[in-house]
Amino acid sequence: MVQAKFDPALALKFDLGHGTLSQVGGGARVVMPTDVLARLLEGASEEVCRDAGQQLGTDLGRRVASGLGDSDQAPPERVLEFLGGEMALMGLGSLGFERWGRALVFSVVDSPLGPSADGFVAALFDGVMLRLYGKNTSAVCLGRVGKRVRFLVSGQSAANRVKAWLDEGVHWGEILSRLQSGGDA
């Protein structure tokens, strides 16, 4: 069986006569400088940032599911290919994932958004997981190293412990080891 590859061709439709931009399966879009989005996120409450991120993630998840067909049966590499492609089309950076035992860690490289948008991006991953798999998750930013930022996708209780450890200054690698030994990643 031949599996479709992510294909960005014709994903965006520019209608210069009407002054509009749309995305196949996604409706109207706008193009704006990332520093404008970053300023909006900086000025918004944490709740508004999370709501916006989750809404965008749900939209991304819907488009990914449309391209994949049955996302429950798709291998993680295919989900990554489609989700990474959709995020790249939006200019959000290059997506990767790392497996640490049972823990799933998304990494984003070259994101134009700074640390003030980490909650927004974490909520985006929560929206994707909800749309693709029907699972409520609580993604947490583990930290930044160079141009790479990592997000752990987990349940709420694990996320609460991770946030507490991060507040204590525990390194993200040690946090993932602790989660593995506790069996709840």
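All of the numbers you see were taken from the coordinates with simple rules; none came from a lab. Everything quoted here is computed from the prediction, not taken from an experiment. With ideal geometry, Cβ positions are generated from the backbone for all residues, glycine too; neighbour counts draw on all protein chains shown.
What the table shows:
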read-out: Whole-percent pair-distance distribution, where bins are 10 Å wide, for the alpha carbons of region 58-185; value: 13, 46, 33, 7, 0
read-out: Computed FRET value (nearest 0.05) for His171 with Arg99, which takes r as the C-beta separation and R₀ as 22 Å; value: 0.75
read-out: Region 26-68 versus region 96-131: alpha-carbon centroid distance in Å; value: 13
read-out: Set of lysines near Lys13 by C-alpha distance (under 24 Å), chain-local residues within fewer than 8 positions excluded; value: Lys5
read-out: Nonlocal amide H pairs with Arg29, under 5 Å, H built at 1.01 Å; value: Leu21, Ser22, Gln23
read-out: Residues Arg99, Arg150 arranged by fewest to most Cβ contacts within 10 Å; value: Arg99, Arg150
read-out: Kyte-Doolittle mean at least 1.0, axial Cα span of 18 Å or more - DSSP H helices of the chain; value: 118-133
read-out: Nonlocal amide H pairs with Trp100, under 5 Å, H built at 1.01 Å; value: Val105
read-out: Nearest-0.05 FRET efficiency for Asp7 and Ser45, computed from C-beta distance (R0 41 Å); value: 0.60
read-out: Taking Glu81, Glu174 and counting other C-beta atoms within 10 Å, the order from fewest to most; value: Glu174, Glu81
read-out: Gyration tensor verdict on region 112-185 (Cα atoms; rounded if a/c is under 1.5, prolate if a/b is larger than b/c, oblate otherwise); value: oblate
read-out: Quotient of Cα Rg and 2.2 N^0.38 Å for region 1-117, N being how many residues it contains; value: 1.16
